[in-house]
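Participant: Right, I'll just put the structure down here and ask away after.
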Amino acid sequence: MVTIPFVLLQTVVVPILTALVTFALGSKLGKNVGWIAFLSLAYTSLLLLLVGTDLFNGGASVREEYLWAPVIGLRFGFLADGLSLPVALIMNLVCTATAIYSMGYMKHRLEVMFGQERKQQYSLYYMNFMLLAAGLIGVALATNLIELYLFVELLLIPSFFLMSLFGYVDRERIAVMYFIWNQIGAFLFFVGIILVFVATGSFEVGALANLPGTSVTYWIVGLILVGWLVKMAIFTLHMWLPYAHAEHPTSFAPIMATIVGVGNYALVRLLVEQVPGIFQAFSLPLMIVAIITMAYGGAVTLVQDDVKYLYAWSTISQNAYSVLGIASLTVLGVSGGVFYFLSHIIGKTILFSVAGILLSQTGFRDIRQMGGLASKMPITATLCVLGSLVLSAVPPMSGFQAEWIMFTGIFTQGVNGTSVNLIVAIAGIAATSLTIAYTFWPLRRIFFGQLPTTLQNVKEAPLTMTVPLLTLAVISVLVGIYPDLITKLLIQFARGLPISGGR
C-alpha cells in the first residue's frame, strides 16, 4: 500500500512549482534548465508508478480530497484507479522524455529565430512546458467538474503561448485560431457542467450518474460530448488541428498529440462510466463519424509532402480509432480504445520528434528534398521505423495489442448489433490499411534511396534527442510483449461498467 503523503497532489503541485523554478533559472542555465524539468517529471512518474504497482497487485484505488470553498461545500480531489492511473502515467512519461528532447531542439529553434541562442527564452519555454505537464495529470486525476475544467484551461493557455512564441509560419494567427477553437470546445463543456449542477446540486464527476432521465440530460451529454469532440478534432470540427499541429515548435508536438487524445479519457470518465444508458443514443452516430474521420484523415495524410503536416493529419485519423472503440460501448472496445490512445501518443511522440530532428539537422521539412538519410542518421532512421511500427500496429509494438483488443470489442458489438454496426466494424478494420501506407511510404522516401548532394554533410542528432525516444520505443515493446501491464487495469475497470461484457 502506498503510504507517501499527498502522493497524487504532489504529481500536480511539483510540476507547477518546477515551472516557477525553471522560469527563474532559465536565463542562467540556458538549455540545461531542461534537466530540472526532467528530474521533476521523473519524480512524479515514479510516484505514479508506485501507485500503479499497488493497483496492479490488487490494491485499492487511491483518492485524495481537499476542501476548496467551505461556504458552498466545494471540494477538489484526485483519483487514481484502473482508468486514470495508466493514462496519467503514460502521459507523464511522454512529458518526461520530451523535456530532455526539447533541450536540443529548442537550441536549434532559438538560433533560427534570433540568430543566436537566447538563454532567457528557455525560461518561457520550460515554464509553459511544466504547466502543460501539470494540466495533463490534473485532467486525468480530477474528481470535480470545475476542477477538471480549470485543468483543461491550464492546457490551453500555455500551449497558446508556446505556439505564438516559438512556432513557425504565421504562428501568431494560427495560435489565435487554435485558442478560439479550443475555447469554443471548453465553453460547450462548461455549459454542460453548469447544467449538471442545476440538475443535481453538485459539481462532482459522480453527479453525472444522478442526472434524471429527461431530455435535459441528453442536452447535457450532447454538450459535453461535442465540447470534447471539438478539442479532439473530429471530422467537421478538425480544420484547426493540421495548422496548429504543424506550425508549433516540434518539441511541443508530443504534448499537442496528448492534449488532443486525452479527450478519449474524458469521454470514458464522464460519459461511458457515469451515463452509459444516455450515451448509448450517441454510440452509432459517433462510430460513423469516427470512421469518416479515420478515412478522411488517412487519405489527406497520404498526399502530404511536408513532414510536419504529414504527422499532423495522421493525428486526426489515429485519434478517431480510439473514439471508434470507446463508442462501441463494449468492455474490450472501451479498454482497447483507451489503450490505443496511450500507444498512439508513444508512437506519435517518436515520429513527430523524428520530424523535429530532420528539421534541426537538415533544415528541411519537405520530404521531396530528402532521401537516403539512413546512411547519415541511422539512429533517427531506426526511431522512424519503430514509431511507424507502433502506429501501424505491427507486433511486437504496443499498437498491435491495443488494436486487436479494440477491434475485438468493435466486432463484438457489430455481430451482436444491427447490420449497420457490422458494416461500421468492417469499415473500421479496412481503414487501418491507410495507416500502413502513410507511415511506411514517407519512411522510404526520407531514409532510403539516393542521398541528395545537399545533404552530404548531415550528421546524426545528439543523444539528448534520440535516447529519450529510444526509451519510449522500449516501453512500447515491453507493453506489446506483456500488454497486461496496461490492460489488466483498464479491462478490470471496464468490466465494472454497465456496458456489453461488463456488470
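The values are calculated or read from the model by the stated rules, or taken from the named source; none is laboratory data. Worth saying up front: this structure is predicted, and the values here are computed from it rather than measured. Here the Cβ is made from the backbone with ideal geometry for all residues, glycine too, and neighbour counts use every protein chain on show.
Participant: Of all residues in the range 415-450, which are of a type outside the set (A, V, I, L, M), part of a helix (DSSP H, G or I) and in contact (Cβ under 8 Å) with a residue 24 or more places away in the chain?
Facilitator: ASN416, ASN421, GLY428, THR432, THR435, TYR438, THR439, PHE440, TRP441, PRO442, ARG445, PHE447
Participant: Output yes when any residue across the range 102-110 is surrounded by fewer than 17 Cβ atoms within 10 Å (Cβ to Cβ), in a helix (DSSP H, G or I) and within 19 Å of the chain's Cα centre (by Cα), and no when none is.
Facilitator: No: the range 102-110 contains no residue that is surrounded by fewer than 17 Cβ atoms within 10 Å (Cβ to Cβ), in a helix (DSSP H, G or I) and within 19 Å of the chain's Cα centre (by Cα).
Participant: If TYR168 passes every condition in (1) without any contact (Cβ under 8 Å) to a residue 60 or more places away in the chain; (2) in a loop (DSSP other than H, G, I, E, B); (3) not polar (S, T, N, Q) but one, which one does it miss?
Facilitator: Evaluating TYR168 over (1) without any contact (Cβ under 8 Å) to a residue 60 or more places away in the chain; (2) in a loop (DSSP other than H, G, I, E, B); (3) not polar (S, T, N, Q) leaves (1) as the failure.
Participant: Of GLY337, GLY409, which residue is of a type outside the set (S, T, N, Q), in contact (Cβ under 8 Å) with a residue 40 or more places away in the chain, touching a strand residue (DSSP E or B) at 6+ places or on another chain (Cβ under 6 Å) and surrounded by 23 or more Cβ atoms within 10 Å (Cβ to Cβ)?
Facilitator: GLY409
Participant: Given the criteria within 19 Å of the chain's Cα centre (by Cα) and assigned to a helix (DSSP H, G or I), does LEU358 qualify?
Facilitator: no
Participant: Tell me which residues, restricted to the range 203-258, are under 30 Å from MET130 (Cα atoms) and assigned to a loop (DSSP other than H, G, I, E, B).
Facilitator: PHE203, MET232, ALA233, ILE234, LEU237, HIS238, MET239, HIS248, PRO249
Participant: Just to be sure, is ALA295 out of contact with any Asp or Glu (no Cβ under 8 Å at 6 or more places or on another chain), touching a residue at least 24 places away in the same chain (Cβ under 8 Å), crowded, with 24+ Cβ neighbours inside 10 Å and of a type outside the set (D, E, K, R)?
Facilitator: Working: out of contact with any Asp or Glu (no Cβ under 8 Å at 6 or more places or on another chain): yes; touching a residue at least 24 places away in the same chain (Cβ under 8 Å): yes; crowded, with 24+ Cβ neighbours inside 10 Å: no; of a type outside the set (D, E, K, R): yes.
Spelling it out, it is not the case that ALA295 is out of contact with any Asp or Glu (no Cβ under 8 Å at 6 or more places or on another chain), touching a residue at least 24 places away in the same chain (Cβ under 8 Å), crowded, with 24+ Cβ neighbours inside 10 Å and of a type outside the set (D, E, K, R).
Participant: Run VAL71 past the list (1) assigned to a helix (DSSP H, G or I); (2) in contact (Cβ under 8 Å) with a residue 12 or more places away in the chain and report the number of the one that doesn't hold.
Facilitator: Status for VAL71: all satisfied but (2).
Participant: Sticking with this one: Identify, by number, the condition in (1) surrounded by 23 or more Cβ atoms within 10 Å (Cβ to Cβ); (2) in contact with a His (Cβ under 9 Å, 6 or more places away or on another chain) that THR98 doesn't meet.
Facilitator: It fails just one condition, (2).
Participant: Return the pair list, or none, for Cβ contacts closer than 6 Å from residues in the range 474-503 that are farther than 14 Å from LEU85 by Cβ to residues that are among the basic types (Lys, Arg) and at pLDDT 95 or above, at least 6 apart or on different chains.
Facilitator: Correct list of pairs: GLY502/ARG495.
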